[in-house]
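A.B. asks: Following this message is one structure expressed as structure tokens.
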Amino acid sequence: TLTKGFYMGVHLATQEQWKEVMGNNPSVSKGENLPVDRVSWDDCQDFIKKLREKDKKQYRLPTEAEWEYSCRAGTKTPFQCGETISTEQANYNGNYIYGNGKKGVYREKTTAVGTFPANAWGLHDMHGNLWQWCQDWFEDYPQKDVVDPQGPEKGEIRLLRGGSWNDNPRYCRSACRALNGPGYRCSHCGLRVCFFLD
């Protein structure tokens, strides 16, 4: 159960936005309207700190629970668009299918933010394009209902959600979790920012 309202970024953070704040572009696939990639959880924290100083808003990464809630947009199916997904709805490795889906395009790189239809709440690329870092340290799901989960106070592994351009669609499901150390960087990882309502 989430009790606090928050704003979620409509798109993944772009290379243009990252460059404006950080002064560099670490991405493998270059393009101003492409999402920034090859950023670690630690890099994201540096970006958010500078973004806070610039815009005076309490930006942060979403918690895992906030991310999944936003991805699902009120749905209970594996994807916000239903029981399966197509490469007309998201950027993933179209050589693979999920459920009764059909093979599609494998673009082999990121696509511009806003290329694919938004979910019911207006958020783009919640499935595919890039894995998105979440704020939480990893732990197994609790065996009881929780309110405003934040994850453990310390750990060694951070969480990512959403799948990427290089992934089988099963990794793009709303419920799929990925794990990596906070210093991990690759061309499959990016971010989306959010902040609490005042």
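A.B. asks: Collect the residues in the range 94-152 that are more than 14 Å from the chain's Cα centre (by Cα), more than 17 Å from Gln80 (Cα to Cα) and of a type in the set (A, V, I, L, M), keeping them in residue-number order.
C.D. replies: Val105, Ala112, Val146, Val147
A.B. asks: Taking the options Asp125, Asp136, name whichever one is assigned to a loop (DSSP other than H, G, I, E, B), under 28 Å from Gln17 (Cβ atoms), in contact (Cβ under 8 Å) with a residue 24 or more places away in the chain and of a type in the set (Asp, Glu). First the steps, then the outcome.
C.D. replies: Details: Asp136 fails: assigned to a loop (DSSP other than H, G, I, E, B).
Asp125 is the lone residue from the list that is assigned to a loop (DSSP other than H, G, I, E, B), under 28 Å from Gln17 (Cβ atoms), in contact (Cβ under 8 Å) with a residue 24 or more places away in the chain and of a type in the set (Asp, Glu).
A.B. asks: Return the pairs, sorted by first residue and then second, in which the second residue is surrounded by fewer than 19 Cβ atoms within 10 Å (Cβ to Cβ) and aliphatic (A, V, I, L, M), the first residue lies in the range 19-38 and is more than 16 Å from Arg185 (Cβ to Cβ), the beta carbons are less than 8 Å apart, and the residues are 6+ apart or on different chains.
C.D. replies: Matching pairs, first to second residue: Gly31/Ala112; Asn33/Ala112; Leu34/Ala112.
A.B. asks: Six or more apart or on different chains, Cβ atoms under 7 Å: show the pairs whose first residue is in the range 90-116 and under 12 Å from Trp165 (Cα atoms) and open to solvent by 70 Å² or more (accessible area, probe 1.4 Å) and whose second is among the β-branched types (Val, Ile, Thr) and part of a loop (DSSP other than H, G, I, E, B).
C.D. replies: Sorted first by the residue in the range 90-116, then by its partner, the pairs are Val105/Thr87.
Residue-by-condition table, conditions (1) touching a helix residue (DSSP H, G or I) at 6+ places or on another chain (Cβ under 7 Å); (2) assigned to a loop (DSSP other than H, G, I, E, B); (3) open to solvent by less than 30 Å² (accessible area, probe 1.4 Å):
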{"site": "Lys144", "(1), (2), (3)": "no, yes, no"}
{"site": "Leu160", "(1), (2), (3)": "no, no, yes"}
{"site": "Leu179", "(1), (2), (3)": "no, no, no"}
{"site": "Gly183", "(1), (2), (3)": "yes, yes, no"}
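A.B. asks: Between a first residue in the range 145-171 that is within 16 Å of Gln132 (Cα to Cα) and at pLDDT 90 or above and a second residue that is assigned to a helix (DSSP H, G or I) and open to solvent by 60 Å² or more (accessible area, probe 1.4 Å), which pairs have beta carbons less than 8 Å apart while being 6 or more apart in sequence or on different chains?
C.D. replies: From the range 145-171, the pairs are Gly163/Tyr171; Ser164/Tyr171.
A.B. asks: Moving to a separate point now. From Glu32, Glu53, which residue is farther than 24 Å from Thr111 by Cα and surrounded by fewer than 19 Cβ atoms within 10 Å (Cβ to Cβ)? Let's see the steps before the verdict.
C.D. replies: On the way: Glu32 fails: farther than 24 Å from Thr111 by Cα.
Criteria check complete, one pass: Glu53.
A.B. asks: Within the range 73-86, work out how many residues are assigned to a loop (DSSP other than H, G, I, E, B), open to solvent by less than 40 Å² (accessible area, probe 1.4 Å) and within 19 Å of His11 (Cβ to Cβ).
C.D. replies: So the answer is 2.
A.B. asks: How many of the residues making up the range 1-32 are closer than 13 Å to Asn129 by Cβ, modelled with pLDDT under 95 and either among the basic types (Lys, Arg) or under 18 Å from the mean Cα position of the chain (by Cα) (or both)?
C.D. replies: 1
The values are calculated or read from the model by the stated rules, or taken from the named source; none is laboratory data. Computed from a prediction, not measured in an experiment: that's the story for all the values here. Because the Cβ atoms are built from the backbone with ideal geometry, glycine has one as well, and the counts that use them run over all protein chains shown. Only protein heavy atoms, including side chains, enter the accessible area calculation; ligands, DNA and RNA are left aside. Shrake-Rupley method; radii C 1.70, N 1.55, O 1.52, S 1.80 Å.
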